[in-house]
Amino acid sequence: MKKKHWALLVLVLLVALDWYIRAPDARSRALTEAIETQASAQLKNYPYRFRVLRVEGATAVMGTPRNVQVPAFRALAVLYPKIDTRNANDPEFIAAERLLGEVQAEARAIVLAQPGIAAVSWALDRDWLVAHGIDVPR
């Protein structure tokens, strides 16, 4: 019985440590909150939540569901499952891709307008992608 308690305690401590390591710092949380409070209705209603993952000096590292490794059509297939994301000429796909660019640019502009931030860089939001069943190359 005592071994089960120790195993449970170790498991809880490991989960807490994982949360602590992944938890954004106070500055990242404040920047993410700025996105949430200053966003347009279009950004607030967008199915992907843009957030600041970390701050490195004067650069905010923001999460994105797309980059060269994970093309936009893979994320858009999750965000808009009814759109034919395999057809690059589909008007709905083109509109969804354009909207993703617009809301991403708006989130970036909000972060850049915050004191102490001079640049934004993008990092794949691996946690979001994996949580939505998208394979992410290492």
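You will find that of Arg138, Arg66, Arg51, the residue that is modelled with pLDDT under 95 and within 29 Å of Ala26 (Cβ to Cβ) is Arg66 and no other. From (1) surrounded by 19 or more Cβ atoms within 10 Å (Cβ to Cβ); (2) closer than 21 Å to Pro137 by Cβ; (3) in contact (Cβ under 8 Å) with a residue 24 or more places away in the chain, pick out the condition that doesn't hold for Thr85. Single failed check for Thr85: (3).
The values are calculated or read from the model by the stated rules, or taken from the named source; none is laboratory data. In this text the structure is predicted, and so the values were computed from the model without any measurement. No Cβ is skipped: glycine too gets one built from the backbone with ideal geometry, and neighbour counts run over all protein chains shown.
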